[in-house]
Amino acid sequence: MAALWSSFQNNSMAVCVFKYFLENVDDQENKSIVEYALHTSEESLVRSEQILKDDQQSIPIGFKDEDVNPNAPRLYSDTFYLYYIKNMAKVGLSVYGVALATSAKSSVREFLSKAVESSTTLYNKTSDVLLSKGLFVRPPYVSTTNEIDFIDQKNYKGGLLTLNRRPVNVIEITHVYANIETNLVGQVLLIGLSQVAKSKKVRQYCDKGKEIATKHVKLFSTILTDDDIAVPMPSDLKVSNSEIAPFSDKLIMFHTSLLIQSSTSNYATAAAASLRTDISTTYVRLATEVTSYANDGVNIMIDNSWLEEPPQTVNKKIHQINKLRSQQKVILKMVKCRTTTNSGGGLIPSPH
């Protein structure tokens, strides 16, 4: 149920986003990518809803036509669309993969397996277009020792200080660069969303997120440049001057929340894979900052009744209290019915 509920929410949002992108894309190759992204999101949305109905579960509200204005002026560049979709395909691979590994019901596993396949295809299609246009930014090129060896000293992990640290290894470089790219996409997305958000609090929240993403890009870049490793950067991730909102503030906040969840997961994975203590500690510190930012967003959504509640287990204590109250009402009703009227019009109460 958790997988289906989350899938419905995420895909109903994605359908709104891709409908808007589709109305504002120029290049035909890019358009084919947006069309495929929209198709896969719509397909997953319909399938998750059908499984919930078959299981007689309630259907989430999610996001509807009123949450998107496809006719709003262009806010982002075609290149941004490609990087955004590439990043969201990565999120899909992660989320659906974890959900598949925790699901038992055959129809749900079939749905999630198809979703993993669609996310893989979307990632590959987007990467191919980026490569064909010379826009795919590869991770840094480095020279290696080409030697096989084992770590025999604990100082390989280093310390929190910058003294005598070993150079970053290729695993650490991979995660650092991946998080640079993710934060760059988030930074550009939030610049646009802060321009068009109607609520002052939502605008301020997006601005704060942009500042956090910018700071994290600088911190991660420093890890590479300290070892004389060039930091590749995507180009043409432009934002227009439009202030006409293509999305509702509710969708903007949910979208931001989804990005935060992805960042927290990425940081946790990167911290676990990084053997240099200062790098893993940096991820933990930044994850704490992101978590605090996420909590502020939850408060905004609660204040505006935008946060849909996931399916809950029955609160047995409350259920028992309600049951007792119902029993009391029945008893009081019985006592009232057993109260009779004597011939003189006076009330004769029941002995009970």
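Show me the helices (runs of 4 or more DSSP H) found entirely inside the stretch 1-110 where at least 1 residues are touching a Pro at 6+ places or on another chain (Cβ under 7 Å) and under 21 Å from residue 307 (Cβ atoms). Before the answer, list the steps.
Working: elements: 2-23, 28-54, 78-100.
By residue number, 2-23.
Any residue in the stretch 271-293 that is assigned to a helix (DSSP H, G or I), open to solvent by 50 Å² or more (accessible area, probe 1.4 Å), among the hydroxyl-bearing types (Ser, Thr, Tyr) and touching a residue at least 40 places away in the same chain (Cβ under 8 Å)?
Yes, the stretch 271-293 has at least one match.
Working carefully through the options 180, 173, 191, find the one that is out of contact with any helix residue (DSSP H, G or I) (no Cβ under 6 Å at 6 or more places or on another chain), surrounded by 13 or more Cβ atoms within 10 Å (Cβ to Cβ), under 30 Å from residue 292 (Cα atoms) and without any contact (Cβ under 8 Å) to a residue 60 or more places away in the chain.
Working: 180 fails: out of contact with any helix residue (DSSP H, G or I) (no Cβ under 6 Å at 6 or more places or on another chain); 191 fails: out of contact with any helix residue (DSSP H, G or I) (no Cβ under 6 Å at 6 or more places or on another chain).
Just one listed residue meets the conditions, 173.
Considering only residues that are touching a Ser or Thr at 6+ places or on another chain (Cβ under 8 Å) and either open to solvent by 100 Å² or more (accessible area, probe 1.4 Å) or in a helix (DSSP H, G or I) (or both), which ones fall in the stretch 130-157?
Correct list: 157 only.
Does the stretch 238-256 hold any residues that are surrounded by fewer than 21 Cβ atoms within 10 Å (Cβ to Cβ), assigned to a loop (DSSP other than H, G, I, E, B) and of a type outside the set (Ser, Thr, Tyr), and which are they?
Selection gives 238, 241, 243, 244, 245.
Which of the numbered conditions does residue 233 fail, given that it passes all the others? Conditions: (1) exposed (fewer than 14 other Cβ atoms within 10 Å of the Cβ); (2) at pLDDT below 95; (3) assigned to a helix (DSSP H, G or I).
Among (1) exposed (fewer than 14 other Cβ atoms within 10 Å of the Cβ); (2) at pLDDT below 95; (3) assigned to a helix (DSSP H, G or I), the lone unmet condition for residue 233 is (3).
Somewhere in the stretch 302-324, is a residue assigned to a loop (DSSP other than H, G, I, E, B), of a type in the set (Ser, Thr, Tyr) and more than 26 Å from residue 64 (Cβ to Cβ)?
Here is the first cut: in the stretch 302-324, the ones assigned to a loop (DSSP other than H, G, I, E, B) are 304-315.
Those still in the list that are of a type in the set (Ser, Thr, Tyr) too: 305, 313.
Add one more test, that the residue is more than 26 Å from residue 64 (Cβ to Cβ), and what stays is 313.
Yes: one or more hits.
The values are calculated or read from the model by the stated rules, or taken from the named source; none is laboratory data. Computed from a prediction, not measured in an experiment: that's the story for all the values here. For neighbour counting, all protein chains shown are included, and Cβ atoms are generated from backbone atoms with ideal geometry for every residue, glycine included. Note: accessible area is taken over every heavy atom of the protein model, side chains too, but ligands, DNA and RNA are not part of it. Shrake-Rupley method; radii C 1.70, N 1.55, O 1.52, S 1.80 Å.
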